[in-house]
1. So if we plug the beta-carbon distance of Glu46 and Arg71 into 1/(1 + (r/R0)^6) with R0 = 25 Å, what FRET efficiency do we get, rounded to 0.05?
2. How far, in nm, would the chain grow between Glu103 and Ala194 when pulled straight, counting 0.36 nm per residue and subtracting the alpha carbon separation?
3. Please arrange Asp48, Asp128, Asp163 by how many other C-beta atoms lie within 10 Å of their C-beta, fewest to most.
4. Expressed in nm², what is the orientationally averaged projection area of the convex hull enclosing the Cα positions of the range 66-198?
5. Just rank Val50, Val144, fewest to most, by other beta-carbon atoms within 10 angstrom.
6. Tell me, in nm to one decimal, what length is gained between Asn30 and Lys204 on full extension, where the rule is 0.36 nm per residue of separation less the Cα-Cα distance?
7. At 7 Å along Cα-to-Cβ for each site, give me the label-to-label distance between Phe79 and Gln164 in nm.
8. What's the extension gain from Thr118 to Arg18 if we count 0.36 nm per residue and subtract their Cα-Cα distance?
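Just so it is clear, none of the values below were taken in a lab; they were calculated from the coordinates. All of these numbers come straight from a predicted model, not from anything done at the bench. Because the Cβ atoms are built from the backbone with ideal geometry, glycine has one as well, and the counts that use them run over all protein chains shown.
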Amino acid sequence: MMKRWQDFWDRVRGDKGRLRATVKVDFFPNRTAYPSVVWHNSVDQERDSVSLAVFFYARILFELAELNETRVAKELMAFLSQVTNVVLTEDEAPNRPRLPMGELTLPQDPPLETPSRTYSADFFQYQDGQFRVNFQGSLGKEGVYLPTTYVVFLQDCINRMSDQTLQYLALSLRRLHEYYKLRQDFWDSASLSAGPAFALSPGKLEPEAEKVEEREEETV
């Protein structure tokens, strides 16, 4: 359903977008997971990696909501709020925590065996600068594997990003949480672009009620 809706808007826009990157997280039977990012077209991978991480996160939350796993989505947001608080410090260098994953381990090299589960996302950018994420994943136990997929990916970001980029990512995730806290709409397809767009911008978010009051005052 989501793909048909996206295809419709692509036809309306006349722009399918340019594939910037593909992120993939493979899960293996021996309780290991391996994240990878393949860049197809990017002038500034450091900058685009933050956009990818934020839009990917919004898509994971949306997918959870679509599967009636709203409680899991809120738990993931609460957990990531704690992570951003740990990463961001008053010092110049951010903290780089090791995220709890139970018995799951992340090898440095890709395993040779075939993964038992794979979750992937293609990261597109339109000519007007807007982004979208096409998501594909294995069926079953999504309430466990979808949030784990993002935690695995985030750990990879924490490990490899520069200090400045990691701080920008943590601040952007915090701003995305502020957006969802006020709008309460991460389950809405419009939030797939509006939420991340706000998170990545320096703009100020105003409550909808305040906007309505302002418009009414202008009319009077």
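1. Computed FRET efficiency for Glu46 and Arg71 comes out at 0.15.
2. Numbers: separation 91, 0.36 × 91 = 32.76 nm, distance 3.57 nm.
Extending this stretch completely gives an extra 29.2 nm.
3. Numbers: Asp48 19, Asp128 8, Asp163 12.
So the residues, fewest neighbours to most, are Asp128, Asp163, Asp48.
4. Numbers: hull surface 39.0 nm².
About 9.8 nm², averaged over all directions.
5. The fewest-first ordering by Cβ neighbours comes to Val144, Val50.
6. Length gained, Asn30 through Lys204: 58.1 nm.
7. Those two pseudo-labels are separated by 3.2 nm.
8. Result for the pair: 33.7 nm of gain on full extension.
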